[in-house]
Each structure stands twice: as structure tokens, then as C-alpha cells.
Amino acid sequence: RLDIDEYLARFKHYGEAEAYYRKNLEADRLSGDPERIEIGLNQMGILLDTLSRYRESIPYFDEYRQSVLKRHPDGVQSDIAKILNNLGNAYWALGGTANLERAIAYHEESLGVVRQLYPGGVHAGIAANLNILGPAYGALGDTANLERAIGYFQESLKIQRQLYPGGVHADIARCLNNLATGYRELGGKANLERAIEYHEESLKIQRQLYPGGVHEGIAGSLTFLGNAYWALGGTANLERAIGYHEESLK
């Protein structure tokens, strides 16, 4: 486990951080403590990920996964779900269809683990995994995968509405924007109009969350709305799009 020096570590640059965590991992390995080694492996993977050295991060994440599986051979463990998502994120960042499909496989596996951990189905971890898979399928771009992405976003939104019955929550607002983006990417007047409805609902929540009106979430929703009206076409919609973009800029 992290000691106080690790918690309080500060670095002048990432090279210094990398040297620090490599040295720590060596000490972790010498300790022979599997859980301590796993933490060291995850730290190295995340650091390399942060440096955009995604290919180098993958072996550390994979070794972490194999270590946890030795201790939990059934694979139903929160650390497994976490590391599968880390692996998925790394492959996604590498780019290209093959890597994206591999990323999706890891994220799907993670979702399967989380569903087993929380069989009731109403849990923030499940919603979070669905919100990872939605954009991943959306990134593939074709109609079938965009529709699949929308399905994940809809399921996530349903869970979040149960988790936060008041309806005013940042996760709900984000999910509404994700869902709207899926419909916007599908294209066509009906889908664009549906996208606008979701973006407007998200904006309404953001305004309630941040009544001062100055927040990146509000700016983001305004930009999304501008893009959707722009995509609808026609002078009236373009003028409305400009209005949203100007408010976002302000």
C-alpha cells in the first residue's frame, strides 16, 4: 500500500515521476507482496498512459490483471473490472479499428464482471461501464454500432435515474449529452430533433447544478446544442446555432 511519502510525492516533471515509480516497483517486486506489486504495476501503467506511451503501459496492466486472477481465479473482483478498463483505454488510445475492437472486448469483459458484482443491476459502476462502451461503439462509426452505442447510453441513463431520483445530477447530464451525440451522429431530421431534446434536458440540469451560469458543463451543452441545430440546416436553425455558440463562448 502507498505510504505517506508516496501520497505526498511531488515531481518537477514526468521524467522524475517515472524514475520514482520505477524504483518503487522494483521495491514492490522485492517485497513479494502480490497486492503491493499490483499497486506498483497499476501506477506504472497509469503514468505511461498519462505520457501517451500507451503501448508501453499495456504489459504493466496485463501483468496486474494476471496477478489478480491468480488470487481471484473466478475473475469476479472489482480490481479485475478496473484493470480491464485500463487495458481497454490503452488500446483505444493506440488508434485504428483493430485496436478499438480489442478495446471494446476488454470493456465488454469489464462490464460482465461488474454485472456479476452487482446483480441487482442498479449501480454506478454498471452505469460507468456502459458510458465507456457507448463512445467506443460510436467511434466505430457505422449505423449498427451507433445504434448499439445508443442502447448502452439508454441503459446507463435508466440506471442513473434510479440512482438519482431527483434527476438533478452531473452523471445524468453527461449521459443525456452522450445519448444526444449518438442520435446526432446517426443523422436525419428525426434523430437530430431527438438529439436536441436530450441536449436541452442536459442543459436544464446543468443550469440547476450551477446556478451561477459559469461552468464548463453549461458551455459544453450549449456547444452541443449549437452543433445539433447547425446539422439540421436552414437559416433559422443556423441562426439559433450561432446564438448557442455565442452564449457558450461568453
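The values are calculated or read from the model by the stated rules, or taken from the named source; none is laboratory data. All values reported here derive from a predicted model rather than from experimental measurement. Glycine also receives a Cβ, built like all others from the backbone with ideal geometry; neighbour counts cover every protein chain displayed. Note: accessible area is taken over every heavy atom of the protein model, side chains too, but ligands, DNA and RNA are not part of it. Shrake-Rupley method; radii C 1.70, N 1.55, O 1.52, S 1.80 Å.
Compute the distance from the alpha-carbon center of the range 171-230 to that of the range 77-131, in whole Å.
What the calculation gives is 25 Å, centre to centre.
Given charges of +1 on the Cβ of Lys and Arg and -1 on the Cβ of Asp and Glu, with all other atoms neutral, how large is the dipole of the chain about its Cα centre, in debye to the nearest 20?
Numbers: 26 positive and 32 negative charges, 51 e Å.
I would put it at about 240 debye.
What's the magnitude of the charge dipole for the range 1-134 around its Cα centre, counting Lys and Arg as +1 and Asp and Glu as -1 at the beta-carbon? Answer in Debye, nearest 20.
Working: 15 positive and 19 negative charges, 27 e Å.
Taking the Cα centre of the range 1-134 as origin, the dipole is about 120 debye.
Rolling a 1.4 angstrom probe over the protein heavy atoms, how many square angstrom per residue are accessible across the range 1-160?
On the way: 8140 Å² over 160 residues.
Per residue, the range 1-160 has an accessible area of 51 Å².
Starting from the Cα of LYS70, draw a straight line to each of the lysines and keep only those under 25 Å, dropping any in the same chain fewer than 8 residues away.
The qualifying lysines are LYS23, LYS82.
Can you give me the % of accessible surface on the chain that is carbon or sulfur? Probe 1.4 Å, all protein chains present, nothing else counted. Please list the in-between numbers first.
On the way: 6880 of 13110 Å².
Solvent-exposed carbon and sulfur of the chain make up 52 percent of the total.
Which of the aspartates and glutamates could a cross-linker bridge to LYS189, judged by Cα under 20 Å and excluding same-chain residues fewer than eight apart?
Within the straight-line limit of under 20 Å, LYS189 reaches these aspartates and glutamates: ASP142, GLU147, GLU197, GLU200, GLU201, GLU239.
If one puts a single equal scatterer on every Cα of the range 185-250 and applies the Debye formula without solvent, what log₁₀ I(q)/I(0) results at q = 0.13, 0.17, 0.21 Å⁻¹?
Values returned for q = 0.13, 0.17, 0.21 Å⁻¹ are -0.33, -0.55, -0.80.
Once the dipole of the chain is set up with Lys and Arg at +1 and Asp and Glu at -1 on Cβ about the Cα centre, which of TYR118, LEU232, SER52 lies farthest towards its positive end?
Of the candidates, LEU232 comes out farthest on the positive side.
Would you mind counting up the charge near ILE196? Only other residues with Cβ under 13 Å from its Cβ, with Lys and Arg at +1 and Asp and Glu at -1. Mind dumping the intermediate values first?
Values: positive: ARG184, LYS189, ARG194, LYS204, ARG240; negative: GLU193, GLU197, GLU200, GLU201.
Overall, the nearby charge balance is +1.
Membrane-span-like helices in the chain: DSSP H runs reaching 18 Å or more (Cα, own axis), mean Kyte hydropathy at least -1.0?
Details: long enough: 14-31 (25 Å, -1.25); 34-50 (24 Å, 0.10); 54-71 (26 Å, -1.29); 78-94 (25 Å, 0.26); 97-117 (30 Å, -0.15); 124-140 (25 Å, 1.08); 143-163 (30 Å, -0.49); 170-186 (25 Å, -0.09); 189-209 (30 Å, -1.08); 216-232 (24 Å, 0.72); 235-249 (21 Å, -0.61).
Those that clear 18 Å and a mean of -1.0 are 34-50, 78-94, 97-117, 124-140, 143-163, 170-186, 216-232, 235-249.
At a 10 angstrom cut-off on C-beta neighbours, averaged per residue, how do the peptides 54-64, 14-24 rank from highest to lowest?
Numbers: 54-64: 19.0, 14-24: 14.6.
Averaged packing, sorted descending, gives the order 54-64, 14-24.
Rounded to whole Å and sorted largest first, what semi-axes of the equivalent ellipsoid does the C-alpha gyration tensor of the range 43-156 yield via the square root of 5 times each eigenvalue? All intermediate terms of the calculation are to be shown ahead of the outcome.
Working: eigenvalues 98, 80, 21 Å².
Semi-axes, largest first: 22, 20, 10 Å.
Placing one identical point scatterer on every Cα of the chain and ignoring solvent, what is log10 I(q)/I(0) from the Debye formula at q = 0.08, 0.18 Å⁻¹?
Normalising to I(0) and taking log10 leaves -0.40, -1.29.
On average over all directions, what projected area in square nanometres does the range 11-50 have, based on the convex hull of its Cα atoms? Walk me through the numbers on the way to the answer.
Details: hull surface 9.9 nm².
Its Cα hull, projected and averaged over all orientations, spans 2.5 nm².
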